[in-house]
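Below is one structure, written out as C-alpha cells; comments come after it.
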Protein chains: 2
Amino acid sequence: MSVTIKDIAKLAGVSHTTVSRALNNSPLIQEETKERIRQIAKQMDYTPNYSAKSLVLDRSYNLGLFFTTLSKGTSAGFFYEAIRGVNSVIQDRYQLIVKGIDDYTSFQSITRKSFDGIIVVSQSDDDQSIIEHIAGKGIPLVVLNRPVSTAGVLNVLSDEEQGAFLASSYLIEQGHKRIALIEGRKGFKSAQNRKDGFERAMRHYGVTIPESYRLPGLYDLESGHHAMQQFLKLAKPPTAVFSCNDEMALGAIKAISEAGLQVPADISVVGFDDTVFAAYVTPALTTVRRPIEQISKEGAIRLLDNIENKHHETEQVLLKTELIVRESVKQLSI
Amino acid sequence: MSVTIKDIAKLAGVSHTTVSRALNNSPLIQEETKERIRQIAKQMDYTPNYSAKSLVLDRSYNLGLFFTTLSKGTSAGFFYEAIRGVNSVIQDRYQLIVKGIDDYTSFQSITRKSFDGIIVVSQSDDDQSIIEHIAGKGIPLVVLNRPVSTAGVLNVLSDEEQGAFLASSYLIEQGHKRIALIEGRKGFKSAQNRKDGFERAMRHYGVTIPESYRLPGLYDLESGHHAMQQFLKLAKPPTAVFSCNDEMALGAIKAISEAGLQVPADISVVGFDDTVFAAYVTPALTTVRRPIEQISKEGAIRLLDNIENKHHETEQVLLKTELIVRESVKQLSI
DNA sequence: AAGACTATTGTTAACGTGTGCATCATTGTG
DNA sequence: CACAATGATGCACACGTTAACAATAGTCTT
C-alpha cells in the first residue's frame, strides 16, 4: 500500500537497515549515501509508520491533555487557553490527545505505552485517583491549576492568594473601607487561598471587617446574587465587594441593580478569574486574571523536559496573577 | 516490562494465538478457555499494546480534529462546543487528536496510517488545501461549519440563510420597518448566506430597504461600531439593526450608547452566532444560535459510520439554526 | 469401522522499524 | 607486506499483535 523503507532500499540498492539509519541521520552512514536516500524518500513521498516506530522504540509520540470534565462545568475560555498554551509548546513533536477524565470508565488504557506524558488540568479533588494511577504507572505527569503533592509529580498553578491580595488591596487603595467578601465553595483549595489573600490585605492595611461582611458562596451566579442581597439588607451595606469569582460577581451586580443601585457609582465590585465575559458585561468587570495559557505553556515545557531527560522532579511552580482594572470599581474621595 | 499476551499464554498453558483469540472473543475458542484466559489477563492487569495492534490491523484508533487555527481568531466557545460534541460521540473507541491547521508546516505526516478519520472544523477558504490532501490520501473526512464540495467528503453545517431569515423576520414581526443591515466580511460564504436570508425576509414581508441601510462589515467590533455611526448620521436612522455577527452587534451597541441612545428603547439590535458573551452583555443580545455542538456530533457520527462501513459518501447536511430571544429588541406599537 | 467432518488449538509468518553483531573494503602502521 | 584499525553496510532478530494454514482429537455418516 504505502511506501516503506524496504521500498526505498530496493530502489536505492541498499538494505533497509541503511535506509533506516540514513533517514535517522545516523553517523554510521556516508554523507552522500544519506543524501541519495533522502532524495529517493522524498521523491517517493515516504512517511514513517509511527505504529511500527512506537512498537520498537517504546514511545507513543502521544501527549495526553486531560480535563476534569468536558461535558459540564469547564469554562470555554479556560479550556481554550489551556489547549492553546500546550499546543504552542509541543508543535509537531507530539500528538495532543484531549480527554475528559469523567469519560474514563476505567483507567486501564492509560499506560506507559500509549502516552509519553500526561498533563492533567485539574479542577476537582476527585482527580486525585487518576493522578495516582498515572504517577503509579511511572508516566511523566504534570498537574496544572490545582495544588497537588503526590511524589514525582510536577505542579504548575497560579498564586491565587497573591491575586486575591492584589484585588483586595486595590479596593482599599481606591479609598474603600467597608469591603465585603463573597467566598468560594467550601472545601475548594482555591476558595481558601482567595480568602487568605483577602484577609492578608485587610490585615496589611489595618482594615477590620465585621463578620456580617463575609458570606459563603458556591462559585455560581445564584449564590453571588443571594449573598449580595444579604449585604444590601445590612444597616451599613459595604461600599465594595470582593467576589471570589466572576460568576458570583455577576450575580452580585444583578442584585445591586435590582435594588435600584448602580455599579460602581453606589457599590464597587471586583471578581476573580477574568472569564471571557468579564470584559463584555456592563460595567466591564475589574477582576484578577490567572495566566492559564502561561501555566499550560510552563507545564508543557517542564513535562517535555522530564520526558526527554528522563528525570522525575517533584516541584511546585507558582505563577503570578494580574489585576485587570476595568470599570466596576469607583475611586472614593475621602 | 509490561505484560503481553505471551506472558498470559505461558501462565495459561496455551499458545499466544489462543490468548489473542480469547481476548478478542473469537468464536473459535471454547467458552471456558476464554473465561479462564480473561481471568488471568485481568489478574495480571494486562493492557493491549496499541502500537502493535495498529501495525498489524492497519488502524490507528486516532481521530483528528483540526481547526483552522488554534492560536488566533477561533472563538473559545466555538472551539469548546466543537470538541465537546465530537468527544461525546467517540467515547473511548478512538483517541481525539486536536490540532491547528496552521501548525502544520507540511501535511506529510497526515496519512492513512496515523488517522482513521479526520474532522476539519473549517473557518476559512484557506483550508481547502488540507482538505484536498486528506481526501487525496483516501482518509475518511468530514468538514464542518463551511460548505465544501470536494468529492468523497462529508459536509455538515448550519443553514445560515435560514437563520438570517429568522432573525430578520423577527424584527419585522416586532413591528420594525426601518431595518438596517451590517454585512459580514466580503468573500466569506457566511456573509453571503446571511445577507441572502435577510433579503429573503424583506421580500417575504414586502419591506423595502434603502441602499443607505446596508453597510459592509468585517466581522469585528470595530467595523460594527463604525457602521452604526454611519446609520446614526442618517436623516431617518433605522429603528432596528441586523448585524451579521455578535461581535459587530456589540460594536453597534457601543456606538448607540455613545450617541446617548439606548438599546432597545431607541434602536433594536439582533446579532448572529450566539457567542458566549451574548447572554452577558447589557442588554442581553437577541441573536441566532448555530448548533455547533450538534453539528460536530452529527459530523462525528457520520464519520464513524463512514470509517466502520468503509463507504465514502459525498453528502451535505444542513442543520437548522435557532433564534434566541433576549432583551435587545423592542416591540414597536403600531 | 473407515473416512469425512467439525471443533479447538498450535505453528508460523507478517506488519514496518530499529539495533547488536558480523562482514567487507579500505586505509594506516611498523 | 602483513596485520590492525577504521569506516560503511548488511544480516538477522526483536517489538506485540493478528491471521492463514496446519494439526490434532473427537464426532458423525454410511
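Within the stretch B:236-268, which residues are within 14 Å of another protein chain (Cβ to nearest Cβ) and of a type in the set (Val, Ile, Thr)?
B:Ile253, B:Ile256, B:Val263
Looking only at the stretch B:4-38, which residues are within 14 Å of chain A (Cβ to nearest Cβ) and more than 8 Å from DNA strand D (Cβ to nearest atom)?
B:Arg38
Only one of A:Glu308, A:Glu293, A:Glu298 is within 14 Å of chain B (Cβ to nearest Cβ) and not in a strand (DSSP E or B). Can you tell me which?
None of the other options fit; the residue is A:Glu293.
Give me a count of the residues in the stretch A:171-217 that are free of Cβ contacts under 8 Å to residues at least 12 places away in the same chain and not in a loop (DSSP other than H, G, I, E, B).
Summing the residues that are free of Cβ contacts under 8 Å to residues at least 12 places away in the same chain and not in a loop (DSSP other than H, G, I, E, B) in the stretch A:171-217 gives 5.
Looking only at the stretch B:8-41, filter to residues that are within 8 Å of DNA strand C (Cβ to nearest atom), under 18 Å from B:Val56 (Cβ atoms) and of a type outside the set (A, V, I, L, M); which one of those is surrounded by the most Cβ atoms within 10 Å (Cβ to Cβ)?
Among those residues, the one meeting the criterion is B:Thr18.
Residues are listed down the side, and each one gets a yes or a no for (1) surrounded by fewer than 19 Cβ atoms within 10 Å (Cβ to Cβ); (2) over 28 Å from A:Val288 (Cα atoms); (3) free of Cβ contacts under 8 Å to residues at least 60 places away in the same chain:
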site: A:Gly64; (1), (2), (3): no, yes, yes
site: A:Tyr80; (1), (2), (3): no, no, yes
site: A:Gly85; (1), (2), (3): no, no, no
site: A:Leu96; (1), (2), (3): no, yes, yes
site: A:Ile101; (1), (2), (3): no, no, yes
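Which condition from (1) assigned to a loop (DSSP other than H, G, I, E, B); (2) within 12 Å of DNA strand C (Cβ to nearest atom); (3) within 26 Å of B:Ile301 (Cβ to Cβ) is the one that B:Asp92 breaks?
(2) is the only condition that B:Asp92 fails.
Results for (1) within 30 Å of B:Ile179 (Cα to Cα); (2) surrounded by 17 or more Cβ atoms within 10 Å (Cβ to Cβ), shown as yes or no for each residue.
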site	(1), (2)
B:Gly299	no, yes
B:Asp305	no, no
B:Gln316	no, no
B:Arg326	yes, yes
B:Ser333	yes, no
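Could you list, ordered by first residue, the pairs with Cβ atoms under 8 Å in which the first is in the stretch B:7-30 and among the aromatic types (Phe, Trp, Tyr) and the second is near DNA strand C (Cβ under 7 Å from one of its atoms) and modelled with pLDDT of 90 or more, at least 6 apart or interchain?
Listed by first residue and then by second, the contacts come to nothing, as the list is empty.
The values are calculated or read from the model by the stated rules, or taken from the named source; none is laboratory data. Worth saying up front: this structure is predicted, and the values here are computed from it rather than measured. Please note: Cβ atoms are built from the backbone with ideal geometry, for glycine as well, and neighbour counts cover all protein chains shown.
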